[in-house]
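Below is the structure I would like to discuss, written out as structure tokens.
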Amino acid sequence: MSPPDHALVLYVDEKSQVQALDRSQPLLPLQPGSPERRTHDYDRHGTTSLFTALDVATGAVIGKRLRKHRYQEFLAFLRHLDRTLDKQPGQEVHLVMDNYATHKTPAVRRWFQRHPDYYVHFTPTSASWLNQIERFFAEITTR
């Protein structure tokens, strides 16, 4: 992959089955002589899927939560990404993503054909080229 100068390069990935959790009681703030305290139990609000694009140059993340994890939601994320990106007319956008089946459906391929400024680069199977975005997911999971 050799994108031209001034091209946007984004790592695109998704995390499915993110648990929407909320503490059952409010956080007790830090006070002199007393650490911040949290309850150990949660209220569960189901699961969601998180779709993200990490800008390689700036470290900025564009994300969207969607209920399911299918090609329809991936298309919704691509539309959101296209609306959100601050790109100049004719500026190339290079998307680096894994070989997940939803990235290769006919509907997704048609979307890319209708958006010729977008270039797709698939990582090899079982490659860990997307470690930065995986670190972002790990941080979200931890919090």
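The values are calculated or read from the model by the stated rules, or taken from the named source; none is laboratory data. Keep in mind that this is a model prediction, so the values were computed, not measured. Counting neighbours? That spans all protein chains shown, and the Cβs are built from the backbone with ideal geometry, glycine included.
Are there any pairs with C-beta distances below 9 angstrom linking a residue in the stretch 62-83 that is among the small types (Gly, Ala, Ser) to a residue that is outside any helix (DSSP H, G or I), with the two at least 6 apart or on different chains, and if so which?
63/50; 63/51; 63/52; 63/53; 76/51; 76/64; 76/66
Among the residues of the stretch 48-70, how many are under 19 Å from residue 105 (Cβ atoms) and surrounded by fewer than 18 Cβ atoms within 10 Å (Cβ to Cβ)?
Let us first name the residues in the stretch 48-70 that are under 19 Å from residue 105 (Cβ atoms), namely 49, 51, 53, 64, 66-70.
When the remaining residues are screened for being surrounded by fewer than 18 Cβ atoms within 10 Å (Cβ to Cβ), the result is 67-68, 70.
Residues flagged as under 19 Å from residue 105 (Cβ atoms) and surrounded by fewer than 18 Cβ atoms within 10 Å (Cβ to Cβ) within the stretch 48-70 amount to 3.
Here is a list: 101, 107. Which entry is loosely packed, with under 12 Cβ neighbours inside 10 Å, among the aliphatic types (A, V, I, L, M) and out of contact with any helix residue (DSSP H, G or I) (no Cβ under 7 Å at 6 or more places or on another chain)?
On the way: 107 fails: out of contact with any helix residue (DSSP H, G or I) (no Cβ under 7 Å at 6 or more places or on another chain).
Being loosely packed, with under 12 Cβ neighbours inside 10 Å, among the aliphatic types (A, V, I, L, M) and out of contact with any helix residue (DSSP H, G or I) (no Cβ under 7 Å at 6 or more places or on another chain) holds for just one of 101, 107, which is 101.
Table: residues versus (1) at pLDDT 75 or above; (2) closer than 13 Å to residue 15 by Cα; (3) more than 18 Å from the chain's Cα centre (by Cα); (4) of a type in the set (A, V, I, L, M).
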position: 32; (1), (2), (3), (4): yes, no, yes, no
position: 48; (1), (2), (3), (4): no, yes, no, no
position: 62; (1), (2), (3), (4): yes, no, no, yes
position: 71; (1), (2), (3), (4): yes, no, no, no
position: 87; (1), (2), (3), (4): yes, no, yes, no
position: 103; (1), (2), (3), (4): yes, no, no, no
position: 132; (1), (2), (3), (4): no, no, no, no
position: 143; (1), (2), (3), (4): no, no, no, no
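If you don't mind, another one. I need a count of the residues in the stretch 98-115 that are outside any helix (DSSP H, G or I) and hydroxyl-bearing (Ser, Thr, Tyr). Even if it seems obvious, please write down each step before you answer.
Keep residues of the stretch 98-115 that are outside any helix (DSSP H, G or I), which gives 98-100, 105, 115.
Filter once more, keeping what is hydroxyl-bearing (Ser, Thr, Tyr): 100, 105.
Residues flagged as outside any helix (DSSP H, G or I) and hydroxyl-bearing (Ser, Thr, Tyr) within the stretch 98-115 amount to 2.
Please give the number of the condition residue 91 fails out of (1) farther than 14 Å from residue 12 by Cα; (2) of a type outside the set (Lys, Arg); (3) surrounded by 14 or more Cβ atoms within 10 Å (Cβ to Cβ).
Here residue 91 clears every test but (3).
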